[in-house]
Amino acid sequence: NAGVTQTPKFQVLKTGQSMTLQCAQDMNHEYMSWYRQDPGMGLRLIHYSVGAGITDQGEVPNGYNVSRSTTEDFPLRLLSAAPSQTSVYFCASSSQGGTGELFFGEGSRLTVL
Amino acid sequence: GDSVTQMEGPVTLSEEAFLTINCTYTATGYPSLFWYVQYPGEGLQLLLKATKADDKGSNKGFEATYRKETTSFHLEKGSVQVSDSAVYFCALIPLYNTDKLIFGTGTRLQVFP
(Lines give C-alpha, C1' and ligand atoms only; values in the text may rest on other atoms or scores of the structure.)
Protein backbone atom coordinates (compact mmCIF):
# COMPACT_ATOMS: atom_id res chain seq x y z
CA ASN A 1 0.00 0.00 0.00
CA ALA A 2 1.37 3.38 -1.02
CA GLY A 3 -0.67 5.38 1.54
CA VAL A 4 0.19 9.09 1.36
CA THR A 5 2.85 9.99 -1.19
CA GLN A 6 4.63 13.35 -1.22
CA THR A 7 6.93 14.71 -3.89
CA PRO A 8 9.56 16.02 -3.99
CA LYS A 9 11.32 14.88 -0.82
CA PHE A 10 13.86 17.70 -1.02
CA GLN A 11 13.78 21.06 -2.78
CA VAL A 12 15.91 24.18 -2.76
CA LEU A 13 14.39 27.43 -4.02
CA LYS A 14 15.52 30.99 -4.38
CA THR A 15 13.47 33.79 -2.85
CA GLY A 16 10.60 34.71 -5.15
CA GLN A 17 10.44 31.42 -7.00
CA SER A 18 7.25 29.40 -7.13
CA MET A 19 6.72 25.70 -6.74
CA THR A 20 4.14 23.04 -5.97
CA LEU A 21 4.44 20.28 -3.39
CA GLN A 22 2.47 17.28 -4.53
CA CYS A 23 0.43 15.01 -2.29
CA ALA A 24 -1.52 11.94 -3.33
CA GLN A 25 -3.33 9.29 -1.32
CA ASP A 26 -4.75 5.98 -2.47
CA MET A 27 -7.00 5.25 0.51
CA ASN A 28 -10.07 7.09 -0.81
CA HIS A 29 -9.86 9.48 2.14
CA GLU A 30 -12.15 12.48 2.13
CA TYR A 31 -10.02 14.60 4.48
CA MET A 32 -6.57 15.90 3.53
CA SER A 33 -4.34 18.49 5.13
CA TRP A 34 -0.94 20.18 4.98
CA TYR A 35 1.26 20.89 8.00
CA ARG A 36 4.63 22.51 8.38
CA GLN A 37 7.09 21.37 11.02
CA ASP A 38 9.58 23.82 12.48
CA PRO A 39 12.02 23.32 15.37
CA GLY A 40 10.47 24.21 18.72
CA MET A 41 7.07 24.84 17.17
CA GLY A 42 5.75 21.39 16.47
CA LEU A 43 3.33 20.97 13.57
CA ARG A 44 1.14 23.82 12.40
CA LEU A 45 -1.83 23.41 10.09
CA ILE A 46 -1.57 25.33 6.80
CA HIS A 47 -4.69 24.30 4.83
CA TYR A 48 -7.12 21.43 4.87
CA SER A 49 -9.87 19.92 2.76
CA VAL A 50 -12.88 17.86 3.82
CA GLY A 51 -13.62 16.70 0.29
CA ALA A 52 -13.11 17.40 -3.41
CA GLY A 53 -13.84 21.03 -4.22
CA ILE A 54 -13.70 22.16 -0.56
CA THR A 55 -10.71 23.78 1.10
CA ASP A 56 -10.23 25.90 4.20
CA GLN A 57 -7.47 27.74 6.00
CA GLY A 58 -5.57 26.45 8.97
CA GLU A 59 -3.37 28.24 11.46
CA VAL A 60 -0.68 29.55 9.06
CA PRO A 61 -2.16 29.88 5.54
CA ASN A 62 -0.41 33.05 4.32
CA GLY A 63 1.85 32.49 1.34
CA TYR A 64 0.28 29.16 0.41
CA ASN A 65 -2.51 28.13 -1.95
CA VAL A 66 -4.31 24.82 -2.27
CA SER A 67 -6.97 23.23 -4.44
CA ARG A 68 -8.75 19.88 -4.34
CA SER A 69 -10.01 18.87 -7.75
CA THR A 70 -9.95 15.12 -7.03
CA THR A 71 -10.28 13.00 -3.92
CA GLU A 72 -6.76 11.64 -4.37
CA ASP A 73 -4.69 14.80 -4.81
CA PHE A 74 -4.08 17.88 -2.65
CA PRO A 75 -1.20 20.03 -3.98
CA LEU A 76 0.30 22.89 -1.98
CA ARG A 77 1.48 25.90 -3.97
CA LEU A 78 4.03 28.49 -2.95
CA LEU A 79 3.53 31.45 -5.28
CA SER A 80 6.55 33.52 -4.21
CA ALA A 81 8.83 31.65 -1.84
CA ALA A 82 10.33 33.42 1.18
CA PRO A 83 13.10 32.27 3.57
CA SER A 84 10.45 32.06 6.32
CA GLN A 85 8.92 29.18 4.38
CA THR A 86 11.99 27.02 4.90
CA SER A 87 10.52 24.04 6.69
CA VAL A 88 9.54 20.39 6.50
CA TYR A 89 6.08 19.96 5.02
CA PHE A 90 3.79 17.05 5.76
CA CYS A 91 0.65 16.00 3.98
CA ALA A 92 -1.86 13.94 5.94
CA SER A 93 -5.18 12.30 5.21
CA SER A 94 -8.05 10.73 7.09
CA SER A 95 -11.20 8.87 6.16
CA GLN A 96 -13.14 11.91 7.37
CA GLY A 97 -12.59 15.09 9.31
CA GLY A 98 -13.03 15.07 13.06
CA THR A 99 -11.48 11.67 13.78
CA GLY A 100 -7.96 12.94 14.51
CA GLU A 101 -6.64 9.71 13.03
CA LEU A 102 -4.31 11.04 10.37
CA PHE A 103 -2.08 9.13 7.98
CA PHE A 104 1.05 11.13 7.19
CA GLY A 105 3.36 11.21 4.22
CA GLU A 106 7.12 11.07 4.71
CA GLY A 107 7.56 14.80 4.37
CA SER A 108 9.11 17.29 1.96
CA ARG A 109 12.09 19.35 3.11
CA LEU A 110 12.08 22.81 1.53
CA THR A 111 14.92 25.31 1.76
CA VAL A 112 14.42 28.86 0.51
CA LEU A 113 17.63 30.84 0.01
CA GLY B 1 -7.61 29.22 21.65
CA ASP B 2 -7.06 25.59 22.48
CA SER B 3 -3.48 24.47 22.95
CA VAL B 4 -1.24 21.61 24.04
CA THR B 5 1.86 21.91 26.22
CA GLN B 6 4.51 19.20 26.36
CA MET B 7 7.61 18.80 28.47
CA GLU B 8 10.79 19.89 26.75
CA GLY B 9 13.24 17.26 25.70
CA PRO B 10 15.31 15.47 25.04
CA VAL B 11 14.36 12.75 27.48
CA THR B 12 17.31 10.42 27.81
CA LEU B 13 16.82 6.94 29.29
CA SER B 14 18.56 3.63 29.52
CA GLU B 15 16.91 0.58 28.01
CA GLU B 16 14.21 -0.96 30.28
CA ALA B 17 13.70 2.28 32.20
CA PHE B 18 10.23 3.69 32.94
CA LEU B 19 9.06 6.48 30.66
CA THR B 20 6.78 9.42 31.36
CA ILE B 21 6.27 12.27 28.90
CA ASN B 22 4.04 15.00 30.27
CA CYS B 23 1.25 16.61 28.28
CA THR B 24 -1.29 19.14 29.48
CA TYR B 25 -3.95 20.89 27.47
CA THR B 26 -6.04 24.05 27.49
CA ALA B 27 -9.39 23.66 25.81
CA THR B 28 -13.07 24.43 25.94
CA GLY B 29 -14.95 21.36 27.07
CA TYR B 30 -13.48 17.88 26.72
CA PRO B 31 -11.65 17.43 23.43
CA SER B 32 -10.39 14.13 22.05
CA LEU B 33 -6.69 13.62 22.85
CA PHE B 34 -3.96 11.85 20.89
CA TRP B 35 -0.34 10.78 20.98
CA TYR B 36 1.59 10.59 17.72
CA VAL B 37 5.13 9.25 17.22
CA GLN B 38 7.68 10.31 14.60
CA TYR B 39 10.61 7.98 13.95
CA PRO B 40 13.73 9.48 12.34
CA GLY B 41 13.18 10.42 8.72
CA GLU B 42 9.52 9.45 8.72
CA GLY B 43 6.10 11.03 8.98
CA LEU B 44 4.01 10.92 12.13
CA GLN B 45 2.04 7.83 13.12
CA LEU B 46 -0.91 7.65 15.46
CA LEU B 47 0.17 5.89 18.67
CA LEU B 48 -2.96 6.04 20.82
CA LYS B 49 -6.01 8.15 21.57
CA ALA B 50 -8.72 8.83 24.17
CA THR B 51 -12.03 10.45 23.39
CA LYS B 52 -13.53 11.11 26.82
CA ALA B 53 -12.54 11.74 30.40
CA ASP B 54 -11.01 8.78 32.29
CA ASP B 55 -10.47 6.86 29.05
CA LYS B 56 -7.13 5.07 28.79
CA GLY B 57 -5.52 4.74 25.39
CA SER B 58 -2.92 2.03 24.89
CA ASN B 59 -0.78 0.62 22.10
CA LYS B 60 2.62 -1.12 21.79
CA GLY B 61 3.12 -1.00 25.57
CA PHE B 62 2.43 2.74 25.77
CA GLU B 63 -0.47 4.09 27.82
CA ALA B 64 -2.07 7.46 28.50
CA THR B 65 -5.07 8.33 30.66
CA TYR B 66 -7.36 11.29 29.99
CA ARG B 67 -7.46 13.25 33.28
CA LYS B 68 -9.98 16.09 33.12
CA GLU B 69 -9.23 17.18 36.71
CA THR B 70 -5.64 18.00 35.83
CA THR B 71 -6.25 18.55 32.06
CA SER B 72 -3.47 16.08 31.36
CA PHE B 73 -2.74 13.15 29.06
CA HIS B 74 0.71 11.92 30.10
CA LEU B 75 2.35 9.17 28.04
CA GLU B 76 3.87 6.22 29.95
CA LYS B 77 5.71 3.01 29.18
CA GLY B 78 6.97 0.55 31.73
CA SER B 79 10.14 -0.56 29.94
CA VAL B 80 11.51 1.36 26.99
CA GLN B 81 13.60 -0.09 24.18
CA VAL B 82 16.20 1.48 21.93
CA SER B 83 13.65 1.20 19.11
CA ASP B 84 11.34 3.61 20.99
CA SER B 85 13.76 6.47 20.28
CA ALA B 86 11.64 9.01 18.43
CA VAL B 87 9.81 12.30 18.79
CA TYR B 88 6.42 12.09 20.54
CA PHE B 89 3.64 14.60 19.91
CA CYS B 90 0.57 15.19 22.02
CA ALA B 91 -2.46 16.57 20.14
CA LEU B 92 -6.12 17.47 20.52
CA ILE B 93 -9.16 18.13 18.37
CA PRO B 94 -10.87 21.34 19.51
CA LEU B 95 -14.62 21.23 19.93
CA TYR B 96 -15.01 24.52 18.03
CA ASN B 97 -13.57 22.96 14.86
CA THR B 98 -13.26 19.21 14.72
CA ASP B 99 -11.54 19.39 11.32
CA LYS B 100 -8.37 20.72 12.94
CA LEU B 101 -5.80 18.73 14.92
CA ILE B 102 -3.66 20.88 17.22
CA PHE B 103 -0.21 19.54 18.08
CA GLY B 104 2.19 20.21 20.90
CA THR B 105 5.83 21.01 20.18
CA GLY B 106 7.00 17.42 20.51
CA THR B 107 9.34 15.66 22.97
CA ARG B 108 12.39 13.80 21.75
CA LEU B 109 13.11 10.49 23.48
CA GLN B 110 16.56 8.94 23.29
CA VAL B 111 17.01 5.42 24.65
CA PHE B 112 20.52 4.03 25.09
CA PRO B 113 21.45 0.35 25.47
Single unsatisfied condition, residue B:2 versus (1) closer than 22 Å to residue A:90 by Cβ; (2) within 14 Å of the chain's Cα centre (by Cα); (3) in contact (Cβ under 8 Å) with a residue 40 or more places away in the chain:
(2)
For segment A:54-72, what are the residues that are surrounded by 14 or more Cβ atoms within 10 Å (Cβ to Cβ) and of a type in the set (A, V, I, L, M)?
A:60, A:66
Qualifying positions in segment B:29-62 - touching a residue at least 60 places away in the same chain (Cβ under 8 Å) and within 25 Å of residue A:3 (Cα to Cα)
B:32, B:34, B:36, B:38
Restrict the check to segment A:28-51 and report whether at least one residue is within 20 Å of residue B:46 (Cβ to Cβ) and away from chain B (no Cβ under 14 Å).
yes
Assuming residue A:88 fulfils every condition listed in (1) free of Cβ contacts under 8 Å to residues at least 24 places away in the same chain; (2) within 14 Å of another protein chain (Cβ to nearest Cβ) apart from one, which condition is it?
(1)
Do you know which of the residues in segment A:4-24 that are more than 12 Å from the chain's Cα centre (by Cα) and in a strand (DSSP E or B) is nearest to the other protein chains (Cβ to nearest Cβ)?
A:10
Sort out which residues of segment B:82-97 are within 14 Å of chain A (Cβ to nearest Cβ), over 11 Å from the mean Cα position of the chain (by Cα) and surrounded by 15 or more Cβ atoms within 10 Å (Cβ to Cβ), and write them in order of number.
B:86, B:93, B:94, B:97
Being part of a loop (DSSP other than H, G, I, E, B), of a type in the set (Val, Ile, Thr) and at negative phi narrows it down to one of B:80, B:4, so name that one.
B:80
Candidates B:32, B:79, filtered to the one that is within 14 Å of chain A (Cβ to nearest Cβ) and either within 24 Å of residue B:8 (Cβ to Cβ) or buried (at least 20 other Cβ atoms within 10 Å of the Cβ) (or both):
B:32
Filter result for residue B:43 (at positive phi and not aromatic (Phe, Trp, Tyr)):
no
Out of A:97, A:40, A:51, sole residue that is modelled with pLDDT under 95 and buried (at least 21 other Cβ atoms within 10 Å of the Cβ):
A:97
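The values are calculated or read from the model by the stated rules, or taken from the named source; none is laboratory data. Note that this is a predicted model, so its numbers are computed, not measured. A quick note on method: Cβ atoms are made from the backbone with ideal geometry, for glycine too, and the neighbour counts reach across all protein chains shown.
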